[in-house]
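Since the structure comes first, as structure tokens, the remarks are kept for the end.
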Amino acid sequence: MERVKTGIEGLDEALGGGIPKGNVILISGSAGTGKTLIGLSFVYYGATKFNEPGIFISTDQTPEEIREQAKNFGWDLEDLEKKNLLRLYHIDVTTEKDMVYLKKLDKLVKKIKAKRIVVDSLTTVTEFLTPLEIRKGTKIFESLEALVPVPMSEAIIAKNVLIKIIKHLKKTGCTSIVTSELPEEGQWLSRDTCSEFLTDGVITLRPFKYARSDIDLLVVKLRYGNHSKDIHKILITEKGVEVKPAEKGVII
Ligand SMILES: Nc1ncnc2c1ncn2[C@@H]1O[C@H](COP(=O)(O)OP(=O)(O)OP(=O)(O)O)[C@@H](O)[C@H]1O
Ligand SMILES: [Mg+2]
């Protein structure tokens, strides 16, 4: 499968050359481990190194905040937006209705001929927009009930919403990164306990127990290709995110 380079030093090597084209990859990590920065790097380097337009969908941060975060690394997002190499799309979960954001996304993909999409974060989309879907008794809920004539819990509906989003991302033909919160304790690889099975690949970010500056990156799965099975360290500096080669034979 053709690989799409993230452009992040060391990450493409860990991914065995990059993200398989058209795949949806989950980046799951606890607070402050670099999920947003990896997603942002994916669209920033896509635009600047590979001339591939990208869309960055944020839920927790406004476009102004994302532009500000990027400035820390010397990245001028506004310039890329003017050149139609980037679109920042903020889903405001307090006002967004139903699943119109997927239709808006399609329009944006067409408009800038996007090749890369980031959804940051999937957790917010499913946790906050799903109850809205239920309350409004939208079509998706009605059609699901017609298929499964038993009362459905919010968790099941949230999973159906997740499936719908991931399928939709694949249909765009873009290569995508979605982010999820990862509880520091527990056996699941995402807060929703489901997206790790629905996505084509999973990368986890975990802070080392005693030092938060030390973050472990592991490519847990990649359905359509080989990848590193080792634990890598990630480094966030004013230059951006860097993934270190795994230290073989070191047991921590
Ligand atoms: N200029 C910088 N130099 C070094 N480290 C930085 C710099 N800017 C940000 N960081 C590190 O990056 C982290 C934030 O990364 P990011 O916003 O991508 O995390 P996140 O996983 O998306 O967090 P959240 O769960 O809050 O959304 C900070 O906690 C900080 O440790
Ligand atoms: Mg974030």
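Here are the numbers for the structure shown:
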{"quantity": "Prolate/oblate/rounded label for the range 52-117 (Cα gyration tensor, a/c 1.5)", "calculated": "oblate"}
{"quantity": "Gain on full stretching of the segment that runs from residue 155 to residue 111 - 0.36 nm per residue minus C-alpha separation", "calculated": "12.4 nm"}
{"quantity": "Most to least packed among 64-74, 188-198 [average Cβ atoms within 10 Å]", "calculated": "188-198, 64-74"}
{"quantity": "Burial order of peptide ranges 55-63, 167-175 (average beta-carbon count within 10 Å, highest first)", "calculated": "55-63, 167-175"}
{"quantity": "Proximal lysines relative to residue 49, as straight alpha-carbon distance under 22 Å, when same-chain residues fewer than 8 apart are discounted", "calculated": "5, 21, 35, 71, 82, 83, 110, 111, 113, 115, 239, 244"}
{"quantity": "Percent accessible area from carbon and sulfur atoms, the range 1-71, protein chains only, probe 1.4 Å", "calculated": "47 percent"}
{"quantity": "Contour excess over end-to-end distance, with Cα ends at residue 94 and residue 50 and 0.36 nm allotted per residue", "calculated": "12.3 nm"}
{"quantity": "Cβ-based net charge around residue 115, under 11 Å, with every Lys or Arg adding one and every Asp or Glu removing one", "calculated": "+2"}
{"quantity": "Per residue value of the accessible surface for the range 1-112 (all protein chains in place, 1.4 Å probe), Å²", "calculated": "44 Å²"}
{"quantity": "Solvent exposure, largest accessible area first (probe 1.4 Å, DNA, RNA and ligands not counted), of 37, 218", "calculated": "218, 37"}
{"quantity": "Modelled label reach - residue 237, point 7 Å along Cα→Cβ, the range 39-72 residues with backbone N closer than 19 Å", "calculated": "41-42, 45, 70-72"}
{"quantity": "Under-5 Å amide H pairs with residue 233, H placed in peptide plane, nonlocal only", "calculated": "217, 244"}
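The values are calculated or read from the model by the stated rules, or taken from the named source; none is laboratory data. None of these values were measured; they are calculated from a predicted model. Heads up, the Cβs are rebuilt from the backbone with ideal geometry, glycines too, and the neighbour counts pull from every protein chain shown. For the accessible areas, the whole protein counts, side chains as well, though only heavy atoms, and no ligand, DNA or RNA atoms are used. Shrake-Rupley method; radii C 1.70, N 1.55, O 1.52, S 1.80 Å.
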